Every structure is written in structure tokens, then in C-alpha cells.
Amino acid sequence: MMNTKHIFDEQQAMMMALDISGNHVMCLDLQQNRVFDLHGKAMFGNNVGIEVCYTYIHPDDCEGFRTFIRRLSDGTDKEAECRYRWDYNYTGKGEPDWHDMHTYAIAEYEDGKPVNIIATLTDETETKRKEREVEQVSERYRTIFENSIIGLSFYTPDGWLIDSNRIMRKICNFDSEDGDEFFSKANLFDMSPFNEVLSREHPDDYWACSLSIVPERNMHVYLEISVHPIYDDNGKLMYICVSANDVTEERNMYLQVKENDVQMQQVNEAIKNYEAELRYMMDFLQMQAWRISLDRDVIEFYSGLNTVVRSFGLQQLQKIFVDQENKFVKSLSMSTIKETLRKPLVYVGQMYPVVTQSSKELQWVQINCIPEYDKNGRLLGAFGVWRNINDLMRKQDQLRKETLRAKESGEKKALFLANMTHEIRTPINAIVGFSEILVSLPSSEEKQEVMQIIKNNCDMLLRLMNDILTASSLESGHMSIEPVEVDFSKSFNELCESLSLRVQEPGVEFRKDNPCDTLRIKIDADRVSQVITNFVTNAVKYTHQGYIKVGYRKETGVVDGRQREGLYVYCEDTGEGVSPEAQGKIFERFYKVNDFVQGTGLGLSICKAFADACHGQIGVVSEGKGKGSVFWMWIPV
Ligand code: ADP
């Protein structure tokens, strides 16, 4: 009894176990080829022909299932298992409802022949679905891991490599997904730099960016590495995750950018210096850069390279440029401006100040202009520099005048030489000629007369020589003045006596104006006499009717802003007179109004040199041609 109960309990327990695990047990009677339930309720009904079963099996799995049954039926297999899909939709209408089934079967033998096949059927659909889900999830994570944009490796808690993703394999120079001999044998805790920073017992997060060199793998890269140990909820270390990012290129780029920055800075510095130099140079040369933009209808003036100091509309140019008669160029329309700008040009002319408006006066400018076109050949405007050339023009003008003067002076000198030959030859001829006939003259009166002629010519020659010597000593910038005290009234009287002899023309009267009986003053009397003689000699040459009057008086004058006592001498004649134009020039050397009249053009210039050397003044007063003239000199005494 005890035994029977035990067997019953055991069967009961087995039934319960089969129920809990959702298993059916079936039997295939091989003699009748029919199927019936041993435990549970099979899905396709009890006691049906095996052929009916086959219709519920997925066509792809049917062949396998038949083989599985056949091998058990013919004794090939004593036990076997089979997996197949089973259609739970027994109606045969609509879509099939496939379930994953697992059947484990054993053959029951009688007299050495299989008579029944006992099989358990387990519906694995749910388990399979979960398996598939897990598989999909892990595949997804695997893909993410494999295709991550940074290198990832997982290590066991004791530091052995489990897996590396594609980027990590690339960084570490190994191709195979199955790992690398070097890295699978290298322990994380032994590798530099982890050997120094990671604790084997309880590794912490670690981050570094450094040059990583692994000669065995031909690795030489700058890496940003981080180590992240993964602990479970109980604080047990599960994996160590190592991520690596190859920053070699970024680093090179950074270095390049840095180098570029330095270069840029140097270039900026150079530009700044260049601009400062340019600005200094342009200021020094009174130059300024300018630019015209036709689109914006503006002209801009710069100080340096890009600081606009003044700008205005192009129509304003009419109010700046002037034509030859210093009138504003009203015709400067937009179309003429455009036409002018088409070609490079250098303009020199006058205009009103545009940038510095300190003065309103016209200024000379030189403008260099370079046209600016776009790539389609459309005129955009022009740019260039303009320069104030007032100084240059002034100097040029001065130079022109001086050249003219030098030319005139050269011409005058040549004329002087020609005159001189004539001037010297005339008295010499007279002296030589009359000396020759002197001895042959019978009467002493005739001899007396000829001797007087010889004497006059000697005087003339002497005076000429004196003038030339004085003029050449003046040429070397030297005139000696030797004032001594004299009675000027007396010496004036004596001088007039000899001068009166020179006035020989019948219609000309010699007049003397001596206001003092005595006049004691300190002067260079010889020089003053020379001046008066020159005045009178000239007057004799140019006066043919009327009188020649010489005189003097005491007169105060101004020297260097101070009042001074002085002597005024003059020679008044009723001769040819001097035209206003000639008045300014007759005191220059070699100047003669009429080249055909006897004379060298030296006399008056010597007189002027004397007056200047004494800080005095000299001049002529004449109302013009035929009106006579007064030559005068004032010197301080
Ligand atoms: P020159 O030896 O030729 O007379 P000067 O220097 O003495 O040289 O005179 C310069 C010029 O001034 C003369 O050539 C003459 O044309 C003019 N001149 C000088 N004195 C008189 C005068 N009294 N009346 C008219 N012209 C004069």
C-alpha cells in the first residue's frame, strides 16, 4: 500500500511539473499510425492520423519532422528531438498562427520492435521571442559599439582585453575583429601610462591626453584616453572600459593654427610698421592717398592706408579744380570724370585745398591716378596719391628765373667783351695815331691841341681800366671803403672844375650846386668822386641840349631802422631820360639801354656796389624817355 501511494504521488508530482512547464505528452501508435494525448490537451485534437499532424507543420520544417518520425519508427534512433513551427490556427482560414515547438521523443519497443513513440511537446514561442529580442538588442548595442566614433575597448576586471571596436583597432593598428596578438597578451594594468595611475584593486576614472607610442604595433599618435571602470550595484567591478580618440590631426591643426596665428601676428606687425613708415613718408612728402568710387559717388582721402580723413560727392570736384584762368571747372560733369578716369594719368595743376583747409589759397598739386575695373571690365573708380607741390613749383619758378638771369648775364658778358674791345681800341688808336703826328706838327698851338686829345684819351683809358679793375674786384666780393675826414665842399669844387671840362657840347650848360663853404665829414672821398664822375660822364653822353647839374646836401636817412646823418649827391640832366622798365635794371652789371652807345655797362653797377657797401642807397628819377633824369646817392657819414 505504502508502495502504491508512493507511485501515485510520484506520478502526481510529474504531472504537476509537466503542467507548470506547459508541456504536453503524446503518444504515436505506430501500428495504427494515430496520435493521442498522454498528458494535457494537444492542440490538434486527440486520436488523429499522423498525416493530419503533418498538415499543421510549417512546409519548410515538414521534411525534417517526417525524417525525425521515420528514424524513430524504423529503429534508427531510440530517442530524438525536433524543432519545428506549428500552426495554431486549426480552422485553416485566415493567416496561420505559427508557434515554435520543441519535441523530445523516445521509441517504446516490444519484441525488439518500436511500437509507440512517446513525445513531449513544448511551446517555445515565447522563449524564442525573448531570445530574439535579446539578440536584437545585443546586436544593436554591438553595432553601436562597433561603429562608435571614438575607439572603445572592454577589459576584464583583471585587465585582459575582451573586445575592441573598429576605431580602436584602427588607432592601435590591428585589423582583425578577433583581436590582436599583442594587445590580447598585454595586460591593461601593465601598460603605460595605466601602470602608474590605475589601482588594480579598485580602479578609478582616469583621463589623459598625451602622445602614445607602441613600437610593437607601430603606433605613434596623440590620444585623448579615458578609462572608465564599470561596477555593478554591489560595487563589484565588472568591466573596464577604455575609450581613445585620435587627436593627432586636431593637434596638428591646432599647431598649424597657432603657427598661422604667429605668422599672422608677424604680418600684422609688418603691415603696421609699413603703414607707419608709409604714413610718415607721405606726410613728409605732403602726399595723401585717395580713392573714387563711382557706385557710391564719393571721393575719399586717406591718412595712412585706411583712415578716411575727408570724403565728399563727386560733383564737389567742380568746386575744387580750377582751369588755366583760375576759374572753377564747371564742365567737370560725371561723364567727363568717368572719361578721365579710364586711363592711368598724372595731373599737375592748381586746385583749392581739399584735405587740410587751413588756407583757402590755391595750391599746386600732382595727382597720380590709376583706374580700377571689375573682372567684367566695368569701371569701378580710381585710386592714387595726390601731392602738394607748392614748394616744388616755387623752387622751379625760382630756378627758371635764375636760369634766365644767368642766360642774360652770359649774353651781357659776351656783349661786354665786344664793347670792351671797341672801348679800349678807340682811345688807344687815338693815343697812338696822335702821338705819331705830334712830332711832325709845326705850330706849338697845334701840338698843344693834339697833346690835349692824347691826354683826354689817356684819361678815358685810365677810367676804363679803373672801372674794369673795380668791377673784377667786386666780382670776388670785395670792396674796400676807407673813410677819412675831408672838407667835402672843397673837394667837390675841385672835382667840378675837372668835370666841367667834359661838358663840351655847345647847347649844354654845366651847373654846380655846392650849398656849403666847408663841410668836414668822414667819407671815402675818392669813391664818392668816382660816383659823381660816373654820373656826370653818363649825363654828358646822353645830354645834347639843356644842362647838367651836380650837387650835394646833408640829409638824414635810415640805416637798419636807425636815423643817420648822411650825404646826398646828385646829377641832374635834361638828356634822354630813363624809361620806367630800364630804371630797375640800369644798376645791374653790363646793362645798357642802347648797345650802340659808347660804354661798358659797368659804371652804375660799381656806384651801386659802393652805396651798398656803405649801407647807403642809390637811384634814378626820370619821367621817361626824353624827360631828363636825376641820378642820386645817399650814404651815411
Ligand atoms: P655805360 O658805361 O654803358 O655808361 P653805366 O653803368 O654807367 O654804363 O650806365 C648804364 C646804362 O644806363 C647806360 O648804358 C645808359 O643806357 C643808362 N644811363 C646812364 N646814365 C644815363 C643818363 N644820364 N641818361 C640816360 N641814360 C643813362
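Out of the residues in the stretch 571-595 that are near the ligand (Cβ under 8 Å from one of its atoms) and β-branched (Val, Ile, Thr), state the one that is surrounded by the fewest Cβ atoms within 10 Å (Cβ to Cβ).
Looking at residues that are near the ligand (Cβ under 8 Å from one of its atoms) and β-branched (Val, Ile, Thr), I get Val593.
Consider Ala244 carefully, then state whether it is under 29 Å from the mean Cα position of the chain (by Cα), open to solvent by less than 90 Å² (accessible area, probe 1.4 Å) and not β-branched (Val, Ile, Thr).
No, not satisfied.
For (1) open to solvent by less than 40 Å² (accessible area, probe 1.4 Å); (2) farther than 27 Å from Gly628 by Cα, each residue gets a yes or a no:
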site	(1), (2)
Leu461	yes, yes
Met465	no, yes
Leu469	no, yes
Gly507	yes, no
Leu519	yes, yes
Thr556	no, no
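Can we say Arg291 is under 18 Å from Glu372 (Cα atoms), outside any strand (DSSP E or B) and at pLDDT 85 or above?
The answer is no for Arg291.
For a quick check of your reading of the model, give me the residue pairs whose first member lies in the stretch 593-604 and is within 17 Å of Ser473 (Cβ to Cβ) and outside any loop (DSSP other than H, G, I, E, B), whose second is open to solvent by 20 Å² or more (accessible area, probe 1.4 Å) and of a type in the set (Phe, Trp, Tyr), with beta-carbon atoms closer than 7 Å and at least 6 apart or on different chains.
Leu604/Phe587
Which residue, of Lys455, Lys395, Lys447, Lys407, is within 30 Å of Ala613 (Cβ to Cβ) and either in a helix (DSSP H, G or I) or of a type in the set (A, V, I, L, M, F, W, C) (or both)?
Every option except Lys407 fails the conditions.
Does Gly619 qualify as being assigned to a loop (DSSP other than H, G, I, E, B), more than 9 Å from the ligand (Cβ to nearest atom) and out of contact with any Lys or Arg (no Cβ under 6 Å at 6 or more places or on another chain)?
no
For the stretch 392-425, what are the residues that are touching a residue at least 24 places away in the same chain (Cβ under 8 Å) and open to solvent by less than 60 Å² (accessible area, probe 1.4 Å)?
Matches in the stretch 392-425: Met393, Ser409, Lys412, Phe416, Asn419, Met420, Glu423, Ile424.
Could you list all residues from the stretch 605-619 that are at pLDDT 90 or above and open to solvent by less than 20 Å² (accessible area, probe 1.4 Å)?
Cys607, Ala611, Gly616, Gly619
Just to verify a result, which residue in the stretch 160-215, among those that are loosely packed, with under 15 Cβ neighbours inside 10 Å and among the small types (Gly, Ala, Ser), is nearest to Asn234 (Cα to Cα)?
Once the filter is applied, the top-ranked residue is Ser199.
Going by the structure shown, is Glu402 in a helix (DSSP H, G or I), modelled with pLDDT of 90 or more and among the acidic types (Asp, Glu)?
So Glu402 fits the description; yes.
The values are calculated or read from the model by the stated rules, or taken from the named source; none is laboratory data. Please read all numbers here as calculations on a predicted model, not as lab measurements. Heads up, the Cβs are rebuilt from the backbone with ideal geometry, glycines too, and the neighbour counts pull from every protein chain shown. Surface areas here come from the heavy atoms of the whole protein model, side chains and all, with no ligands, DNA or RNA. Shrake-Rupley method; radii C 1.70, N 1.55, O 1.52, S 1.80 Å.
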